[in-house]
Each structure stands twice: as C-alpha cells, then as structure tokens.
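Encoded as structure tokens, the structure appears first; notes follow it.
The values are calculated or read from the model by the stated rules, or taken from the named source; none is laboratory data. Bear in mind that the values here come from a model prediction, so they are computed numbers and not experimental data. Neighbour counts run over all protein chains shown; Cβ positions are idealised from the backbone, glycine included.
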Amino acid sequence: MNFAGGQVSHPARGRVNWGDQMLMRRYTLLTLLSVTAVVSGGCVTIESGDSDVAALKALHENVLEFHRQGNVDAWMAQEADNVVSANRGTISFTSAEERRARREPYLSSTSFDVYRDLRPPVIRVSDDGTLGWVIAEVEMKGSAVSDDGERVPFEAIWAWIELYEKQGGAWKAVGNVSNRRP
C-alpha cells in the first residue's frame, strides 16, 4: 500500500480515501477482538497499576453513568468522530451527528432504575498501548416512553465490546459490538 495526500493506493482496489482506510482498520480490529473474545473463554485479568487498563475501566464506568444520567454530551465526548459498530447483524459506520440524533430521543425517553455491570468487565490493551477493548455484561431495568406515549417498564441484559484507540494521547471509543440476552 502507498500513502499519499490522504489517499491510500491499494493494489486490488485502487485509491481509497484515508478515512475509509481508518474505518477498515477499526473494522478489522472489531473482527479480531470478537474472535479473541470467543477463544479467550471470558477470563478476566486486570493488572493493578496499569494506567491504560484503569483509564479504559473508567471510560466504561462513564458509559454506564452517562446512561443513568441521560447525558448525551458527556457520552459523545469520549468517542471518536467516526465509529464502527456491529449490532443486530449489521456493520455500520456512523458519524457523531448520526449517533447524537439516535441517542438524544432514546435517553430523553428512557429512565434507568438499574444500569450496572453484572460482573467485572474484561479489559485488554495492545502491547504497543494504542488499542484497547472492554467486554461488559450489563443489567438494565427502567421504563421508556412507547410510541403511543405510555411509560412501559423494561428489563434486559446486554453484552458488548467497546473498542478504544489512543488518539493524541487520550483514549477514544472507536467501535462496539453488542447483543441482547434472549
């Protein structure tokens, strides 16, 4: 591959926009982490004193708290501009504006009585300290306003992988994979 002026020359595909190349890197990371999560069998190793692991744990805890508070701005602040997700059988690449447009109505119509980890999250950081991930299993209970305006209670357990990349010395969320327990 050749890099020139924000474009990547790929031998099989020709010229690729640099932004698309970064999203594909994140997609590849997402796929590899999904396979790693299945193969690792869910073991948890969080080494005390590891500042990157502690930082990722704090970011994850922030995500939980921002849901409980309904704080879209704070949630968005810890994410990169573009994020790749695998949800409901679909891979999507979303901008901050697209995520905000979905999250604002969701959080404004939802109240959480419970939004917490069911077990300690699995946290890993790459050897070079530039990529990290958090696997979480989260219980949520609360109520949401239905399409007809009625408040409806809900209970759910979700599991997900949060993908992080160190950008300018700070961790930013760059992707996720999620699923709901049937």
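Listed values, structure above:
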item	result
Out of TRP171, TRP160, sole residue that is touching a Leu at 6+ places or on another chain (Cβ under 9 Å), modelled with pLDDT of 95 or more and either hydrophobic (A, V, I, L, M, F, W, C) or within 16 Å of PHE66 (Cβ to Cβ) (or both)	TRP171
Which numbered condition VAL84 misses (of (1) without any contact (Cβ under 8 Å) to a residue 24 or more places away in the chain; (2) within 19 Å of TRP171 (Cα to Cα); (3) within 14 Å of the chain's Cα centre (by Cα))	(1)
VAL125 being surrounded by fewer than 18 Cβ atoms within 10 Å (Cβ to Cβ) and modelled with pLDDT of 95 or more	no
Test: residue in the stretch 95-105 that is of a type in the set (S, T, N, Q), closer than 15 Å to ALA173 by Cβ, crowded, with 18+ Cβ neighbours inside 10 Å and touching a strand residue (DSSP E or B) at 6+ places or on another chain (Cβ under 9 Å)	no
Filtered residues of the stretch 127-158 (kept if of a type in the set (Gly, Ala, Ser) and either closer than 30 Å to ALA170 by Cβ or touching a Phe, Trp or Tyr at 6+ places or on another chain (Cβ under 7 Å) (or both))	GLY129, GLY132, ALA136, GLY142, SER143, ALA144
All positions within the stretch 66-94 that are surrounded by 12 or more Cβ atoms within 10 Å (Cβ to Cβ), closer than 23 Å to SER146 by Cα and not hydrophobic (A, V, I, L, M, F, W, C)	HIS67, ARG68, GLN69, GLY70, ASN71, ASN87
Index of the failed condition, GLU61 passing every other in (1) surrounded by fewer than 18 Cβ atoms within 10 Å (Cβ to Cβ); (2) outside any helix (DSSP H, G or I)	(2)
Residues satisfying the stated conditions in the stretch 129-156, i.e. in a strand (DSSP E or B) and within 20 Å of LYS57 (Cβ to Cβ)	LEU131, GLY132, TRP133, VAL134, ILE135, ALA136, GLU137, VAL138, GLU139, MET140
Number of positions in the stretch 136-176 that are closer than 26 Å to ASP113 by Cβ and of a type outside the set (D, E, K, R)	20
Those residues of the stretch 139-182 which are among the acidic types (Asp, Glu) and surrounded by 12 or more Cβ atoms within 10 Å (Cβ to Cβ), in sequence order	GLU139, GLU162, GLU165
